[in-house]
Amino acid sequence: MLKKIQISFLALAFPLLFSCNSGGNDQAAKSDAAYTEYRDLVTDFEEDTLSEVELRAMRGSDIDSARWAALTAEREQQYEQKRQAVEQDLDQYPPERKQEIQDLDDRYKRAMETREKQYEEASHRYKLRQQLLGIEIEEDDLSDIVPEEMATTYKRFVDNVAEEAGKFEERDWNLVEGWWSSLGSRYRSIEPNLDQQARTAIEQAQNRYKEIRQQYASQNNLEE
């Protein structure tokens, strides 16, 4: 009789034990999946490059700037969802995994700060270039500038530099010098196609730019 009772007890206990083990395994698998998704999202964001929408937004397009803001908000929402999924099971993780989760949070914040800094710097660069040249430019070597626009672009660039020079920081002067060099290279490549009037106007603009540069170089301890 006792033996039958023991057998009956074991028959009832085994399914309960199996059910508990299965539930524990399911919870562990869920926690591991949440961590993996969180880790992958952070890693992908760290390695991600600026999207075409972001690059266009940097050029000052209001439409693309709005789309970039929407993409940023969507990315933040995805991050919060993955982060919350991990936090819900935080007690399930061993101490070393909890530290890894905190490290991922720090990495994401650093990546976001880097991304925002990249965007700010590139946006500043695109907008200042368009402001000084006065025309929309796609190519960094300024090969967009056609011979008919060369002289007027030179003059407009120097006029705008003269007007804005007092506001420039050192980083702005570094950008201006780069564009000035590109402008010179573009001029030399198309010089045979220019008439004497255009060449004279460009030479005058070049001389004026040198005067402006020397003036502000001495005032701001910049390299001439």
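Here are a few things to note about the model shown:
- Convex hull volume per residue for segment 113-204, taking Cα atoms only, in Å³: 94
- Above-threshold pairs, the threshold being 25 Å between Cα atoms, out of Lys109/Lys167; Lys30/Lys117; Lys155/Lys210; Lys82/Lys127; Lys127/Lys210: Lys109/Lys167; Lys30/Lys117; Lys82/Lys127
- Size of segment 115-167: Rg and Dmax of its alpha carbons, in Å, are 12.5, 39.
- Full-extension gain in nm, Thr114 to Thr49, via 0.36 nm per residue minus C-alpha separation: 22.3 nm
- Relative contact order of segment 134-220, taken over Cα pairs closer than 8 Å and 6 or more residues apart, is 47 percent.
- Per-residue Cβ neighbour rank within 10 angstrom, fewest leading, Phe157, Phe168: Phe168, Phe157
- Formal net charge of residues neighbouring Pro94 (Cβ-Cβ distance under 13 Å; K, R +1; D, E -1): -3
- Neighbours of Gly134 by Cβ distance under 11 Å: Lys/Arg scored +1, Asp/Glu scored -1, total 0.
- Glu139-Ala28 pseudo-label distance in nm [points 7 Å out on the Cα-to-Cβ vector]: 6.2
Quick note: the coordinates plus some simple rules give every number you see, no bench work behind them. What you see is a predicted model; the values in this text were computed from it and never measured. Every residue, glycine among them, receives a Cβ derived from its backbone with ideal geometry; neighbour counts consider all protein chains shown.
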